[in-house]
Amino acid sequence: MTAPIRILLQTTIPTIEDDWHIGRFSMLRDLLAALRDENGAPMIQVTARDRDTATGPDALLSTIDRSDYDELWLFAVDTGEGLDAEDCAAIGRFRQRGGGLMVTRDHADLGSSVCTLGGVGAAHYFHSRNPEPDPDRRQIDDDGTPTISWPNYHSGSNGDFQRIEIVGDLHPVFADPDAAGGALRYLPAHPHEGAVGAPADDPSARVIATGNSALTGRKFNIAVAFEPSEAGGPAIAQSTFHHFADYNWDPAAGAPSFVSEPPGDALPRTPEARRSTERYVRNLALWLAGRSA
């Protein structure tokens with residue numbers, strides 16, 4: 001019998017009620033925990049937690065390389081100081097020993113502490129740190145929230161969904177034998193997604209999906225995949241944690257008080273878009289563990 005995949009869902013902030021704490025990703029946690037294999041046995045053992053300290057090393061992240069976790073899904077919801085040097089070093093060793101890593105962030109400088117991660121950190125572009133290499137892309141996309149600067153690609157309202165485009169050969173995380181063309185086409189939308197790209201000096205990395213701004217028509221990268229290599233295990237860099245948040249899957253779940261944009265409700269009302277999102281989560285969990293999706 002195949003052992004369950006052990007996944008850690010982790011934010012980069014302590015538990016703060018009026019923020020993007022790990023409780024706002026409860027639908028993702030429950031979906032992973034509910035997945036079953038062909039024998040009906042649980043596929044995933046999932047742990048969901050926030051940082052245990054605002055400063056200094058986190059007790060689990062700083063020792064994750066010595067843990068029995070197979071995957072780390074890191075939700076960078078901090079404003080720049082969410083990871084300690086010991087955390088980063090341990091996460092690097094975790095990936096070097098073959099651990100799967102999914103790192104996601106959001107607009108402008110939100111989650112920019114991931115810049116300190118080796119390899120996958122270089123795939124994340126921010127406003128003040130590691131900006132997009134192409135200077136023509138360093139500009140406002142969504143102007144509906146003036147306090148938020150680039151990168152802020154507008155794929156739609158929270159609670160709605162976007163149509164994505166596959167780049168190059170279909171990657172396993174976007175495969176779907178039940179969909180037309182065999183590929184997933186929908187993910188949750190967000191008014192101001194961040195920016196990711198494949199580091200030019202890393203042959204294991206490539207962009208695997210893009211989105212299009214609903215306001216300007218600009219194409220932007222949704223996900224970058226790092227294939228397993230001598231550098232470490234498989235990894236995914238994601239443009240926004242809102243692809244996984246309860247509020248984006250169902251706005252009735254609520255959001256922190258600083259979220260000001262009016263939400264939509266197309267995703268919970270559209271079975272195919274919701275199915276596509278859930279399939280993506282399943283594919284991620286399997287691929288990051290080195291299993292077939």
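Any read-out appearing in this document is the output of simple, stated calculations on the displayed coordinates, not a laboratory observation. These figures come from a predicted structure and were not determined experimentally. Quick reminder, even Gly has a Cβ in these numbers, built from the backbone with ideal geometry, and neighbours come from all protein chains shown.
Tally Lys and Arg at +1 and Asp and Glu at -1 over the other residues with C-beta under 9 Å from the C-beta of residue 267: what net charge comes out? Please report the intermediate quantities before stating the final value.
Numbers: positive: 269, 274; negative: 160, 250, 265.
Here the charged neighbours net out to -1.
For residue 193, the residues whose modelled amide H falls within less than 5 Å of its own, excluding neighbours fewer than 5 places apart on the same chain, are 153, 154, 155. The base-10 log of I(q)/I(0) for the range 5-288, evaluated at q = 0.14, 0.15 Å⁻¹, reads -0.98, -1.15 [Debye formula, identical scatterers on Cα atoms, solvent excluded].
Please identify, among 156, 82, 40, the residue showing maximal mean-square fluctuation in a Gaussian network model of the chain using a 10 angstrom Cα cutoff. Greatest mean-square fluctuation among the candidates belongs to 40. For the range 168-182, backbone phi angles converted through the Karplus equation (6.51, -1.76, 1.60; θ = phi - 60°) give residue-by-residue couplings of x, 4, 4, 7, x, 6, 10, 7, 8, x, 8, 9, 4, x, x Hz, Gly and Pro being listed as x. Using C-alpha pairs under 8 Å with a sequence gap of at least 6, the mean separation divided by the residue count of the chain gives a relative contact order of 19 percent. Computed from backbone phi, the HN-Hα couplings of the range 111-127 come to x, 5, 5, 5, 4, 7, 7, x, x, 5, x, 5, 7, 9, 9, 10, 6 Hz, rounded to whole numbers (Karplus: 6.51 cos²θ - 1.76 cosθ + 1.60, θ = phi - 60°; Gly and Pro given as x). Springs between Cα atoms under 10 Å define the GNM used for the chain, and in it the highest mean-square fluctuation of 31, 74, 267 occurs at 31.
Counting Lys and Arg as +1 and Asp and Glu as -1, what is the net charge of the other residues whose Cβ lies under 10 Å from the Cβ of residue 22?
Result for the neighbourhood of residue 22: +3.
When peptides 58-64, 188-194 are ranked by their average number of other Cβ atoms within 10 Å per residue, the highest-first order is 188-194, 58-64.
Peptides 138-148, 201-211 ranked from most to least packed give 201-211, 138-148, packing being the mean of other C-beta atoms within 10 angstrom over each peptide's residues.
Neighbour counting of Cβ atoms within 10 Å sorts the residues 112, 26, 128, 213, fewest neighbours leading, into 128, 26, 213, 112. Remark: the residue 165-residue 200 segment gains 10.4 nm on full extension, using 0.36 nm per residue and subtracting the alpha carbon distance. Here residue 54 and residue 252 are evaluated by their C-beta separation; at R0 = 30 Å the FRET efficiency comes out at 0.50. Evaluated at q = 0.14, 0.20, 0.23 Å⁻¹, the base-10 log of the normalised Debye intensity for the range 42-164, with identical point scatterers placed on the Cα atoms, takes the values -0.70, -1.14, -1.31. Listed peptides 228-241, 10-23 appear in the order 228-241, 10-23 once ranked by packing, highest mean of other Cβ atoms within 10 Å at the front.
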